[in-house]
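Here is the structure we will look at, set down as structure tokens.
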Amino acid sequence: MTKTTLAAALAALMLSAAPAIAAPGDVLTVDLDRVLSESAAAKNGTNQLKAKYDGQLSTRRTALQTAAAAYSSQVQTARAAAKPGVPVPAATQTAVQAAGEKAQAAQESLQQLGQELQGVEGYVRQQIIEHVTPIAEQIRNERKASAVIPKGSVLASDSASDVTAVLIQRLDTAFPNPSITPPTAPAAQGR
């Protein structure tokens with residue numbers, strides 16, 4: 001073997017034995033959808049949300065269905081009792097209006113709880129992303145890559161550049177339990 005061939009073979013052997021490190025300038029990807037569904041923080045957050053809100057949502061949905069059925073029944077009763085040329089009795093009008101208001105209140109209550117749940121879900125996602133950022137930076141630095149970007153922002157990438165599994169593993173250790181209690185806004189200061 002010539003010295004050149006031996007040097008080339010040795011270089012190839014060294015490169016193949018080198019740990020998987022991104023070349024400077026490489027871009028790593030993270031599948032945030034997986035992080036937000038498979039990480040311990042995501043699963044624990046989901047379980048906490050279900051425990052807190054599933055019963056309330058079920059109760060409010062049932063209340064809305066009951067109120068809507070009562071309203072529909074009042075409307076049908078009023079239509080059946082209506083006679084041409086005779087005004088609808090005030091008591092019937094009042095009953096229809098009261099049933100309608102109750103149905104409206106039940107719908108608003110369900111919508112309010114749904115909005116609260118969406119806000120808390122957003123708070124859980126925010127906490128996870130806040131903890132993902134420094135972990136992604138740590139991985140980027142270790143692998144000597146130029147950037148870590150969300151996989152959904154890339155048209156195509158090499159699967160070797162995906163660091164989602166490593167990131168989830170580290171996130172599970174660093175941040176397994178998010179809070180479902182958003183911080184309260186500071187009270188307005190009087191002048």
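Between residue 184 and residue 82, the modelled labels are 5.0 nm apart [label points 7 Å from Cα along Cα→Cβ]. In this simple spin-label approximation, residue 138 and residue 46 carry label points 7 Å from Cα along the Cα→Cβ vector, and these lie 2.4 nm apart. Could you work out the local net charge near residue 109, counting Lys and Arg as +1, Asp and Glu as -1, over the other residues with Cβ closer than 12 Å to its Cβ? For residues surrounding residue 109, the net value is +1. Taking K and R as +1 and D and E as -1, what net charge do the other residues with C-beta under 13 Å from the C-beta of residue 151 add up to? It works out to a net charge of -3.
Within the straight-line cut-off of under 24 Å between alpha carbons, the lysines reachable from residue 52 are 43, sequence neighbours fewer than 8 places apart in one chain being disregarded. Accessible surface area normalised per residue over the range 69-191 is 68 Å², counting heavy atoms of protein chains with a 1.4 Å rolling probe. Inter-label distance, residue 155 to residue 177: 4.6 nm, where each label sits 7 Å from its Cα along the C-beta direction.
Sequentially through the range 144-159, phi angles give Karplus couplings (6.51, -1.76, 1.60; θ = phi - 60°) of 6, 8, 8, 7, 10, 10, x, 4, x, 8, 10, 6, 7, 7, 7, 4 Hz, Gly and Pro residues having no value and appearing as x.
How would the range 102-150 be classified by its alpha-carbon gyration tensor: rounded, prolate or oblate, with rounded meaning a/c under 1.5 and the a/b versus b/c comparison settling the rest? Because a/c hits 1.5 or more and a/b exceeds b/c, the range 102-150 counts as prolate.
The values are calculated or read from the model by the stated rules, or taken from the named source; none is laboratory data. None of the values given here were measured: they were computed from a predicted structure. Using ideal geometry, Cβ is built from the backbone for each residue, glycine included, and neighbour counts are taken over all protein chains shown. Accessible surface areas use protein heavy atoms only, side chains included; no ligands, DNA or RNA. Shrake-Rupley method; radii C 1.70, N 1.55, O 1.52, S 1.80 Å.
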